[in-house]
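To start, the structure under review is shown below, and the notes come after it.
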Amino acid sequence: EEQLEPVIRLVEQEGIYREWGMTIGKLASAAEIPEYRLRQMINSGLGYRNFNDFLNRFRIEEASRRLSDPSEAKIPVLTIALEAGFRSISTFNKAFKEIHGITPTAYRKQQMGG
């Protein structure tokens, strides 16, 4: 859907999901589409439970990539979580575990062949 393109660009290329306090309203206005349409697209069109679920998918993707990167092995999990847009380690751990089935620390060990 063409209305989704500016949203995907903002999220994937510009990393708007990293911004603290990102709301569906802010994203809708940045993408120049009505908030109700964006909500519809995220929930019905893309099949997310809610806006946070949608944002967290991108945050987890970034964190997963970084946790798998040997050059970032010394960077604390908390730092990676915060830089990806999470506000706390507990919400990060919960969201991460929902997607990967293991904690970020266990995931990192696994990815590093430990």
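The values are calculated or read from the model by the stated rules, or taken from the named source; none is laboratory data. Just so we're clear, the structure is a prediction, and the values are computed from it rather than from any experiment. Glycine also receives a Cβ, built like all others from the backbone with ideal geometry; neighbour counts cover every protein chain displayed. All accessible areas refer to the heavy atoms of the entire protein, side chains included, with ligands and DNA or RNA removed. Shrake-Rupley method; radii C 1.70, N 1.55, O 1.52, S 1.80 Å.
Couple of notes before you dig in:
- Hey, I60 within 26 Å of P6 (Cβ to Cβ), modelled with pLDDT under 95 and crowded, with 19+ Cβ neighbours inside 10 Å or not: no
- Test: residue in segment 40-48 that is buried (at least 16 other Cβ atoms within 10 Å of the Cβ) and modelled with pLDDT of 95 or more: no
- Residue in segment 67-76 that is among the hydroxyl-bearing types (S, T, Y), open to solvent by 30 Å² or more (accessible area, probe 1.4 Å) and over 24 Å from G113 (Cα atoms) present: no
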